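Throughout, read-outs are computed from the coordinates displayed, never taken from laboratory work. Just so we're clear, the structure is a prediction, and the values are computed from it rather than from any experiment. Reconstructed Cβ throughout: ideal geometry from the backbone, glycine too, with neighbour counts over all protein chains shown.
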């Protein structure tokens with residue numbers, strides 16, 4: 001059965017983006033420090049060597065993506081192709097003209113409907129969730145199943161936090177821990 005899984009790299013103090021995070025500076029200042037764990041032994045961005053490589057494989061085995069508009073715009077809707085799967089953008093604003101060039105991108109305003117559509121499109125594969133706002137809305141609506149948090153040993157001190165504004169306490173259970181020198185990879189299931 002398909003699960004919805006948030007995948008997010010995060011500093012120890014809870015930041016997923018650095019300061020000055022905007023369209024001209026996606027992820028903000030120092031953002032790539034949060035993703036250095038994706039480097040392989042040759043220093044290339046991609047599937048990391050060792051145990052963390054399983055996370056890369058899981059990301060690329062998902063069957064659809066639900067992403068917030070801000071995140072989608074910052075990465076130009078992934079160029080319309082995030083490993084060949086449908087991309088559903090959560091947004092209540094009108095669809096921007098530049099999105100029309102990407103036929104795999106769909107806009108929806110309701111997180112529950114967006115997640116249902118993504119799970120249907122994904123079939124038996126998981127749904128990848130991106131973006132802090134989208135993650136918060138999915139948690140609040142009870143439609144986020146798991147969180148893959150890749151906690152990087154750095155303190156940002158400022159930027160965009162992942163869970164600053166939750167309307168309720170949400171219990172999690174640990175599903176997996178992969179500890180590497182570059183990051184501690186924590187997989188949680190949402191307790192319902």
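Numbers at a glance
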item: Considering only region 4-190, percent of DSSP beta bridges that pair antiparallel, nearest 5; result: 45 percent
item: Label-point separation, residue 163 to residue 116 (7 Å along Cα→Cβ), nm; result: 2.8 nm
item: Residue of 85, 67, 75 that the Gaussian network model of the chain assigns the largest fluctuation, springs spanning Cα pairs under 10 Å; result: 75
item: Simple spin-label estimate for residue 13 and residue 171 in nanometres, 7 Å along Cα-Cβ; result: 3.2 nm
item: Within a Gaussian network of the chain (alpha carbon springs, distance under 10 Å), most fluctuating of 55, 95, 16; result: 95
item: Cα gyration tensor, region 4-190 - rounded (a/c under 1.5), prolate or oblate; result: rounded
item: Label-point gap, in nm, between residue 22 and residue 189 - each point 7 angstrom along Cα→Cβ; result: 4.4 nm
item: Shape category assigned to region 60-112 from the gyration tensor of Cα positions, a/c cut at 1.5; result: oblate
item: Relative contact order [Cα under 8 Å, 6+ residues apart], the chain, whole percent; result: 32 percent
item: Sum of -39500 (n - 2.57) over DSSP H runs of 4+, divided by residues of the chain (222 nm, nearest 500); result: -5000 deg cm²/dmol
item: Fraction of antiparallel bridges per DSSP, region 1-111 only, in percent to nearest 5; result: 25 percent
item: Gaussian network model of the chain, Cα within-10 Å springs - most flexible of 131, 159, 46; result: 46
item: Surface/4 estimate of mean projected area, convex hull on alpha-carbon atoms of region 1-61, nm²; result: 5.6 nm²
